[in-house]
Each structure stands twice: as structure tokens, then as C-alpha cells.
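The values are calculated or read from the model by the stated rules, or taken from the named source; none is laboratory data. Note that the coordinates shown come from a computational prediction; the quantities given were computed from them, not determined experimentally. Quick reminder, even Gly has a Cβ in these numbers, built from the backbone with ideal geometry, and neighbours come from all protein chains shown. We work out accessible area using only protein heavy atoms, side chains counted, and drop any ligands, DNA or RNA first. Shrake-Rupley method; radii C 1.70, N 1.55, O 1.52, S 1.80 Å.
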Amino acid sequence: MIGLMQQRPSSFQSRLAAKAAPPVLSILAKGNAGVLLSTEESSTSPLSDEAAAPAIWLNCIQCGSKIARCNDRIEVNDKHEHTFINPAGVIYRIGCFSASPGAFEVGQASSEFAWFRGYEWRCLCCAVCEVHLGWTFTQSAARFCGLILDQLSEGSADAAR
Ligand SMILES: [Zn+2]
């Protein structure tokens, strides 16, 4: 996934050092970001960047509030992004996410015109301005969010609004 050949010798060395770190570290770091990484960070190990990076949020295009984290992107049926057309002929480009903390569900669950077979859907709206942002899709215990990508803009890291 990362081209070692492109590394300069100095960073290649540190990459090797990072690689030599116990694999346990990166696993633990995922669920435990602040704690374990604080010691590791000073060596700027490239392998820990992903877990240590501040969350990048996708914001509501209407009001700018935080809706979902880029890190929560998931693939459903082998794709993150799906394009659907609703019965009224409107085309939606949606991205799949494991969570969307900045949106809330509206209305009853429905299986009519379900885009994902076997899943029921409910509408998702921005928690601040209430604009329609997408849907949640549920199938017994399984649940994910499909957010309309044109309704979101990528924000900067956590410090930004
Ligand atoms: Zn909003």
C-alpha cells in the first residue's frame, strides 16, 4: 500500500523501525488512539499516522455542521459510493458510512423502493438545519448510513467548525 521504493534512505530506516514495532501496537492504537500513540508519535512513524490523524469531518453543505467522519466510510456491496434514482426520477449519489453522528433519523422505516435489497430505510436529516442528508439502512442488527454526497462538503480537521 505504501511504496517503500520511493522513500529516501533516512525515512526508509525509520519505516523499517516502525515496521519492527509489534503489530499489537497498531491494533491497540485503533481503539485507543490517544494513549498508546502519544509515545510513538514523537518518532513520526508513518504507520501510526492513520490512527493518530485528527478526524476529518464531512459537513452539511447548508449549515456547515459536522455530519460524518471520513474515517467512518465503509463499503456496501463492494462500493463506498452508489448512484440511485428514486421513483420521482431524482438521481442521488450516496456514500456509505458506519455512522453519521450529526444527523438524525426521521419517519417510519420503509422497505418500499429499497435500494439495498433486504434493508429498510429511514430518512436522515441534519441535526442542526434539518435538511435531508440521506438515509439509514437497517436489516435486523445491521445498520449503515447512506449520505447524499452532494449535500456534504469536506471540512478540515477537528479544530475547524
Ligand atoms: Zn445542516
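Results, tabulated for the structure shown:
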quantity: Hits in the range 117-161 - residues which are over 19 Å from the mean Cα position of the chain (by Cα) and among the aromatic types (Phe, Trp, Tyr); calculated: Tyr119, Trp121
quantity: Condition check for Asp150: under 12 Å from Leu58 (Cβ atoms) and open to solvent by 20 Å² or more (accessible area, probe 1.4 Å); calculated: yes
quantity: Qualifying residues in the range 53-69 (those that are touching a residue at least 40 places away in the same chain (Cβ under 8 Å), in a strand (DSSP E or B) and open to solvent by 20 Å² or more (accessible area, probe 1.4 Å)) - the one farthest from the ligand (Cβ to nearest atom); calculated: Ile56
quantity: Ser110, sole failed condition from (1) under 18 Å from Ile67 (Cβ atoms); (2) more than 14 Å from the chain's Cα centre (by Cα); calculated: (1)
quantity: Residue that is nearest to the ligand (Cβ to nearest atom) [pool: residues in the range 82-106 that are open to solvent by less than 40 Å² (accessible area, probe 1.4 Å) and assigned to a strand (DSSP E or B)]; calculated: Ala103
quantity: Residue that is surrounded by the most Cβ atoms within 10 Å (Cβ to Cβ), among those in the range 107-131 that are in contact (Cβ under 8 Å) with a residue 60 or more places away in the chain and of a type in the set (A, V, I, L, M); calculated: Ala127
